[in-house]
Structures are given as C-alpha cells and as structure tokens.
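The values are calculated or read from the model by the stated rules, or taken from the named source; none is laboratory data. Please read all numbers here as calculations on a predicted model, not as lab measurements. Positions of Cβ are backbone-derived with ideal geometry, glycine not excepted, and every protein chain shown enters the neighbour counts. Accessible surface is based on the protein model in full, side chains and every heavy atom, while ligands, DNA and RNA are left aside. Shrake-Rupley method; radii C 1.70, N 1.55, O 1.52, S 1.80 Å.
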Amino acid sequence: MTVFDMAAAFAITVLGVIVVFFLVTTYNSIVGLLQRIEKAWANIDVALRQRHDELPNLVRAVRDVMAFEQDVLQEVTRLRAEYSPAAPIPQQAATSEATSSAVRSLLAVVERYPSLRSQDNVASLQEEIARLEEVIADRRELYNDSVYRYNTRIGQIPAILIAQIFGWRRRPFFAVEPSDIQRPDVELRPT
C-alpha cells in the first residue's frame, strides 16, 4: 500500500465520519424538534380541556339571570360539545377559535348585568376563563413556533435528504383558515 493509497483511505474515512456526524446530529435535532411539538401540543390540549371543563360552570352560573341572552349561552354550549381532542389540528384550531369568540361574547354580555358581575362565583369563573384564554393563546404561539422550526429544518439540507427516509412531513400550524372561523351570531339587547 502506497502513501497515496493510505492518504486516499484516510480522506475517505474522514469524509465518511463527517457525513455520519452530520446525519446523526441532523436526526437528533429533528427528533428534538418533534418532541417539542408534542410537548407544546400536550400543553395546548391541557388548556383546552380545562376551558372545556370550566365552561359549563360559567353557563350554569349565569343561565337564570341571562334569560334574554339564551342564544349566547347556547352557542357556547354547542361549541363546547364540538370539542374533540382526537380531531385533526386544523379542525381543533377552528373549534378553539370559534369557542374563544363565543366566550368573549358571553363575557361581554355578563358585563352588562351588574347583578351577575357582583356574584363572587361568576367573577371568579370569568377570571378563570379569561386566564385560560390567555394560556391557550400563549401555548398556541409556542406550538406554532415549534412547528415553524421543525418545518424549516426538514426543508433544509441535509435534513431534506433524510426526511423522506424517516417519513418526516410538514406539520400543520394551530391556525384557522379565515373561511373556517365561525363567529357566533350575537345580538346584545339592552337590559
């Protein structure tokens, strides 16, 4: 074996080590991004479930006093019933946005009833629902950031070369198409 043959073997070995290093680090970084997406989604799901559990309490607390606003209460109840943790992310996003809109309408109507606002249980439920809406928005932002990083990463070299091997596909954002937003039809009547 000549010096040239040894140098060529060494160069090929170094090149092979570099390629393997890049493949392993790319694989590990994408697996890490997938884990961040799963964690972020789990956090959204927890907040959605908490809101799902609190909405009946708020509806029960205000139902009797808000006799003129039954449409608002029915819309919140209908949208709560549409929640399905097994639904695809775009469908959950549309349901979540419609529910948030209906809850905002309900909270706006509650503000019009001084007797409701003065009840401690209604006030604490209002605060909890408002807090959960903020949590959902924050967690949605974190989820979408994780999805953005993952989608960007699998579209770059060298990840794009191994993405198909491992079945990595673009993930959907937790976003709503403008045509999918269901705004509740709420008419606020004077009391």
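Here are the numbers for this structure:
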item: Test for Leu79: is it more than 30 Å from Phe166 (Cα to Cα) and touching a Ser or Thr at 6+ places or on another chain (Cβ under 6 Å); result: yes
item: Among (1) open to solvent by 80 Å² or more (accessible area, probe 1.4 Å); (2) closer than 30 Å to Tyr150 by Cα; (3) of a type outside the set (S, T, N, Q); (4) out of contact with any helix residue (DSSP H, G or I) (no Cβ under 9 Å at 6 or more places or on another chain) - the single one Val3 does not satisfy; result: (2)
item: Close pairs (7 angstrom Cβ cut-off, 6 or more residues apart or separate chains): at pLDDT 95 or above in segment 7-34, open to solvent by 80 Å² or more (accessible area, probe 1.4 Å) anywhere; result: Leu33/Arg149
item: Segment 75-93 residues that are within 12 Å of Trp41 (Cα to Cα), paired with ones that are modelled with pLDDT of 90 or more and open to solvent by 40 Å² or more (accessible area, probe 1.4 Å) (beta carbon under 6 Å, 6 or more apart); result: Ile89/Pro172
item: Checklist (1) more than 15 Å from Gln126 (Cβ to Cβ); (2) open to solvent by 20 Å² or more (accessible area, probe 1.4 Å) applied to Leu48, failing item; result: (2)
